[in-house]
Structure formats: structure tokens, C-alpha cells
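A.B. asks: My questions all concern the structure below.
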Amino acid sequence: MINYLSKKPVFFILFIIFICSCKKYNADFKIISCVLESSMDVLPDSTFMSDAIKMQITENHIYFLERTSRQLIKLNTDFSINTRIGEWGIGPHDLTEPRNFFLVNDSVYIMDIGSKSIKCFLADNNYIYSFNTEVFSEQRIFTHNNFLYMGSYNRDLKTSISLLNLTNKKDISSFGESFDFNHSLQNIIKNKRDLLKDHEYFYAVSDNQPIIEKYDLINKEKLESFNYSFIPIIQKNIEFINSKPDSPNSYTAFVRESYIDNGELYLLISTQGDKFLANTILRIKLRPNFELNTIYHLPGNIYSTFCIENDTFYAFNSETASIEKIRQN
């Protein structure tokens, strides 16, 4: 009998290294096909849904920007009541091109790129005030200690995160490491990041690099990075992207959106190639270390935004122009 392991010790060592690498990067994740519980393509106020932007959930209400009406929608989780916040127009209280928002206590702040301002409303649609700003982000943003954190590339300092003082609106600073793509335009368009807060840390998620960065909220220092390129769907996306010719004024994003809930990070991933899909969500535990926990497959084909409450996804299906309530198991 031939002992192949004794004859080829190099192959045995490589095999052991491969197994250890899989353990290191947590190859033993679960794969779950999610179940559609209900969907809604007509809002309770009898208007048809259009494209939803930046869904988030708080206190049993889903908030999202609606692209066609250019209003912020507040919808309860049983899909029975909705409130519209803000109205399209050219007046000082109106919205022209709202692209993002954030919540602070009972107030809603809408980032209106068209008027280069942030407008504040109460959740019942009462206008409070607005202020002008030159710094915007269409990615996930958050507030902490009366500062607004945004993923925004600074060409002079080559930083990736902007900090807007909500008390002194003219006080804007920047920090955070950026990726260097060896082209000035690529550095601008490919350094976008979702920013998501979790207790004393926050996480920066690139839409085009398989990198999650962990920052300390106190001293603003990057603590570590997590490279999740070992996941098969990410490997295939990178192979597809690398097969395309480079263009300085465009790029391919495979992270459609991210969300954070109960110490876990969720990434909505698109599948690049002959048939475009965006129906895979990666669930990554953040404590004590980064760890891929679960891969979810959503019931539809293409989703653009989502949020989470307990074991339920609320996601916007772009093909049917509907919000879906989806069970994780």
C-alpha cells in the first residue's frame, strides 16, 4: 500500500493550511432561504409605491424616502397607516431633491441635495427649521453626541469621513482612512461608505471593496478591518469586475446597502454577471470578533433597500415596486 501523505508531505501541509484558513474565516456559516410573509405596493393613503431609499425602522415604524413624490414616508409595521413628511416644491420649507435623512429624538432631518440644505421636521410633518450645508452623503449616516457622521471623501486631506457639528453648523471636520485607487476621480467616486453605529464603535462599509472597517467613537481611530472576500458570492463578483475594462469615471458596486441590528451587521449583496440579482444578505457578527454567521436568500430577485426588526426583514422589491415583509426562517 502506498502512503500518499508520507510520499507528499507538502500537499498534506497545504491541505492543513487550507482547512485552518476556512476555520479562521468561518466557512461553517448557515444558508437560509427566507419566506415572504406579506407585501404592499399601494400605501395606506391609496398612492402607489415608487422607489424607496434608505429604509430604517424605529419604534415599530419604517421610514424611507420615496423617489417619485420626493417625500419621507413613515409607515407602521403592519402596513395600515402612513404619514408623509415634507413636500416637493421650491419654497424655503419644501424639498427639491431629498436623498438621505436621520432621526434625532422626535425630529426628522432630511438631507436635500437640491437646495443644499438639511430640513428639520417633527414626525407629524410640522416644519421646524433648515440650515445650509456643502457636505452630503447618500450612504448610511448616523448621529452621536450632536455630531453627524457621513461617508464623504476629502480630496485635500484624503480622508473618508466627514463630521458635521449640529450645534455649530459651520464646524465641519474630517478623518478616517481612504482607499487609494491611483486616479483622482476614482478616489472620489469609490471611497463611499455606509456608516453604522454600535455602542462605542462604528463601522464603515464600502460599496465596492470587500472591507469592513471598525472605528472607535471616542478617539476616531480605526481599530481593525475585516476582509470578507473569501465568501463565494464576493469572489465571483470580484472576478467579474476584474474581467471588465477600467474606466476612470465609473465603477461596479456589489454592496447595495447595509444595516446594523443587535450587534450584527447585514449586507445586501448583488450578483454581477449575465443575470443581475440583488437578493443575498450576509449576516456578520461583530462581537467579540468579526464572524460570518448566516447567508440569507430573499424570495425576490432585486432589492434596493432594507431594514430589520427582530427576525423580520422589511425590504423594497425593485421589480414589483413593493415593500415586503420577509421571515428569516
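The values are calculated or read from the model by the stated rules, or taken from the named source; none is laboratory data. These numbers were taken from a predicted model, which means no experiment stands behind them. Virtual Cβ from ideal backbone geometry, glycine too; neighbours counted across all protein chains shown.
A.B. asks: Tally up the residues in segment 171-221 that are basic (Lys, Arg) and assigned to a loop (DSSP other than H, G, I, E, B), please. Spell out the reasoning first.
C.D. replies: In the first step, residues of segment 171-221 are kept if they are basic (Lys, Arg); the result is 190, 192-193, 197, 214, 220.
Adding the requirement that they be assigned to a loop (DSSP other than H, G, I, E, B) leaves 190, 192, 220.
So the answer is 3.
A.B. asks: Report whether or not ASN182 is farther than 24 Å from PHE101 by Cβ, surrounded by fewer than 15 Cβ atoms within 10 Å (Cβ to Cβ) and not aliphatic (A, V, I, L, M).
C.D. replies: Details: farther than 24 Å from PHE101 by Cβ: yes; surrounded by fewer than 15 Cβ atoms within 10 Å (Cβ to Cβ): yes; not aliphatic (A, V, I, L, M): yes.
Yes.
A.B. asks: Something else now. Residues to consider are ASN100, ASN82, ASN132, ASN125; find the one that is in contact with a Pro (Cβ under 8 Å, 6 or more places away or on another chain), surrounded by fewer than 21 Cβ atoms within 10 Å (Cβ to Cβ) and either modelled with pLDDT of 95 or more or more than 26 Å from ASP198 (Cβ to Cβ) (or both).
C.D. replies: It is ASN82.
A.B. asks: Residues to consider are TYR314, TYR251, TYR296, TYR266; find the one that is within 18 Å of the chain's Cα centre (by Cα), more than 24 Å from SER39 (Cα to Cα) and not small (Gly, Ala, Ser). Walk me through it before giving the result.
C.D. replies: Details: TYR314 fails: more than 24 Å from SER39 (Cα to Cα); TYR296 fails: more than 24 Å from SER39 (Cα to Cα); TYR266 fails: more than 24 Å from SER39 (Cα to Cα).
On inspection, the qualifying residue turns out to be TYR251.
A.B. asks: Oh, and also: Would you point out the residue of segment 261-294, among those that are in contact (Cβ under 8 Å) with a residue 60 or more places away in the chain and of a type in the set (S, T, N, Q), that is surrounded by the fewest Cβ atoms within 10 Å (Cβ to Cβ)?
C.D. replies: ASN293
A.B. asks: Considering segment 209-250 alone, what residues qualify as being surrounded by fewer than 15 Cβ atoms within 10 Å (Cβ to Cβ) and among the polar types (S, T, N, Q)?
C.D. replies: Within segment 209-250, ASN219, SER225, ASN227, SER229, GLN235, ASN242, SER243, SER247, ASN249, SER250 meet the criteria.
A.B. asks: When the residues of segment 295-329 are narrowed to those that are at pLDDT 95 or above and in a loop (DSSP other than H, G, I, E, B), which ends up surrounded by the most Cβ atoms within 10 Å (Cβ to Cβ)?
C.D. replies: LEU298
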